[in-house]
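Working notes for the structure below.
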Amino acid sequence: MTHPNVSTALAFTVIDELARNGVRLVVLSPGSRSAAMAIAANEHPDVVARVVIDERSAAFHALGAAKGSGRPVAVLSTSGTATANFFPAVVEADMSCAPLVVLTADRPVELRGVGANQTIDQIELYGSKVRHFAAIEAPSALSDLNRTWRETVTACLAAATVGRPGPVHINIAFREPTVPVTDDGRSSGDVYPYPTGRLEFDLRPQVGANGDMPVIEGSRVLVVAGDGEYDRGRLLSQAHGRNWPVLATALSEMRGMDVVTTYHHLMSGLPDHLRPEAVLAVGSIGPSSRLEDLVDLAAERVRVDRWGRSIDPHGSATHRLSADINEVLSNQVTQADAGWLENWREADRSRRARLSVDLRASGRLSCGLIASLLNDVAWETLVVGSSLPIREVDAHLTRAGRVLANRGASGIDGLVSTALGVASQGRATVAFAGDLSLLHDSNGFLGEVEADICFVIADNDGGGLFDDLPLAVHAPDYVRLFVTPHGRDLGKLAAFHGIGYTEAGDADELAGNVRACVESGGIHIVRVPIERSADREVRAQL
């Protein structure tokens, strides 16, 4: 197989090797220097090329698709500042261990550092935030580089998916012409005569075994389940076999099992008979500072993460393990009496019943009530925005289902794009976020997106989370500087993008609207007007 020029040969080979390694989606934004890559992705039979106009949104869309599918997803940009717009999503992919493959087109070496148009230094642009960086320089038509190109791509995919997953960056320089012709009217090149077929090799390393495991001495042990890679069913079986309660965050994907979910409210006055001697915490355990306080109560504090992330925000761990939590549990010999597990179960049942009654008794639409009502909607995947939504979901979600959020760096940027990327991988997706998250990334709707997703937007005309922080009391000009009320009509935003829109005035209307949107398919926004001060009062009362 020959190609009209070396740029198209390089692009075809890179895309084909990505496909060989399991990449099925390339999200791209328009650009000239990346043209050969865009054309190759669009024409490859095993790859979907999806256009999203804004590069930052494109990167978060790819991130969401990677999280939703569990497979590596690529995002492609032209050269220059376009590449810098990927950085927020790269940071999130790094911290949340998502296999994002960043492809940046570049000018050839002779155009760098000489003031050439749309040229910046893209070498190792994302620094330590990527698992692996590789540069493919613009080749000539005189060399057979098929194996070199393919080995470079495979090494990057191995770094993105084996061991601790995460983002990788391939910077690829192209000389013109970058379209599939020998002469594009401005530049000409020689036909690339060498074969670019697939080779049989595999550079992916094998995962090594875990090291020695500590033995916990206490018997009154709590297992706190966060995000991460582990067998949920086996964890629950092993923990309950020792009469150890499992406290499961919303992002653990263990809600709906026999787990404790009201830990945040239980910690407002934890009785002595629920105080642990030891805590085993797996993965990142979410936004509740009270849950971290619960970890600190124990004499033994073991933090476990399969990917070796250092997750110990209070710096209080007695052990930090890069291991499978189930191997750690298998190594334990102590066991609590049955009362320890039952005491936690009963406290959780009692507190959950009280919370459910009090939420609805307030008669007010609140972020907590929205999270609670999502228990009654038939979604398959829930994407949750940062700030108040993730905290309320962690406090009030009880049903089983997949829950995803950009909690690596906890930013509100990229929410729309991430959710659309997730929804593109399956049906019945709901996204719960605030109005600022929606507005911050509304460019995410500017793309080729066919998805079934309902955005439930708690609209309190600004940032309500700050009302719970010292800023609300001590910051001069607090509302303008931090709440940032915008006064925008979200209905007009939906109309501009041609997506469905409804508003909910009470709990019944909200539940009905969300159900209708999920059942009908397509992209919808359900706006829920929230009064900030009333919402804060509900949280304080609970």
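The values are calculated or read from the model by the stated rules, or taken from the named source; none is laboratory data. Nothing here was measured: the structure is a model prediction, and the numbers come from that model. Methodologically, a virtual Cβ is constructed for each residue, glycine included, from the backbone with ideal geometry; neighbour enumeration extends over all protein chains shown.
Overview of results
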| read-out | value |
| --- | --- |
| Conditions (1) of a type outside the set (D, E); (2) crowded, with 19+ Cβ neighbours inside 10 Å; (3) not in a strand (DSSP E or B); number of the one not met by G185 | (2) |
| Near pairs, Cβ below 7 angstrom, 6+ apart or cross-chain, from the stretch 207-225 (at negative phi) to any residue that is of a type in the set (G, A, S) and at pLDDT below 90 | V207/G163 |
| Some residue of the stretch 14-28 being modelled with pLDDT under 95, closer than 30 Å to H440 by Cα and crowded, with 23+ Cβ neighbours inside 10 Å | yes |
| Test: residue in the stretch 253-271 that is surrounded by fewer than 23 Cβ atoms within 10 Å (Cβ to Cβ), of a type in the set (S, T, N, Q) and in contact (Cβ under 8 Å) with a residue 60 or more places away in the chain | yes |
| Filter result (surrounded by fewer than 16 Cβ atoms within 10 Å (Cβ to Cβ) and not β-branched (V, I, T)) within the stretch 328-342 | S330, N331, Q335, D337, A338, G339, E342 |
| Leading residue by the ranking (surrounded by the most Cβ atoms within 10 Å (Cβ to Cβ)) among those in the stretch 274-292 that are modelled with pLDDT under 95 and not small (G, A, S) | I285 |
| Among (1) assigned to a helix (DSSP H, G or I); (2) surrounded by 20 or more Cβ atoms within 10 Å (Cβ to Cβ), the one test that E519 misses | (2) |
| One residue from G308, G315 being in contact (Cβ under 8 Å) with a residue 40 or more places away in the chain and either assigned to a loop (DSSP other than H, G, I, E, B) or in the same structural domain as D231 (by TED's automatic domain parsing) (or both) | G308 |
| Selection status of S437, touching a Ser or Thr at 6+ places or on another chain (Cβ under 8 Å), polar (S, T, N, Q) and surrounded by fewer than 20 Cβ atoms within 10 Å (Cβ to Cβ) | no |
| Among residues of the stretch 466-516, those that are free of Cβ contacts under 8 Å to residues at least 24 places away in the same chain, touching a helix residue (DSSP H, G or I) at 6+ places or on another chain (Cβ under 8 Å) and of a type in the set (G, A, S), counted | 2 |
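Conditions (1) outside the structural domain of R407 (by TED's automatic domain parsing); (2) buried (at least 18 other Cβ atoms within 10 Å of the Cβ); (3) without any contact (Cβ under 8 Å) to a residue 40 or more places away in the chain; (4) not aliphatic (A, V, I, L, M), marked per residue:
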position	(1), (2), (3), (4)
R50	yes, yes, no, yes
A62	yes, yes, no, no
K67	yes, yes, no, yes
V90	yes, yes, no, no
V102	yes, yes, no, no
L125	yes, yes, no, no
S140	yes, no, no, yes
R147	yes, no, no, yes
C156	yes, yes, no, yes
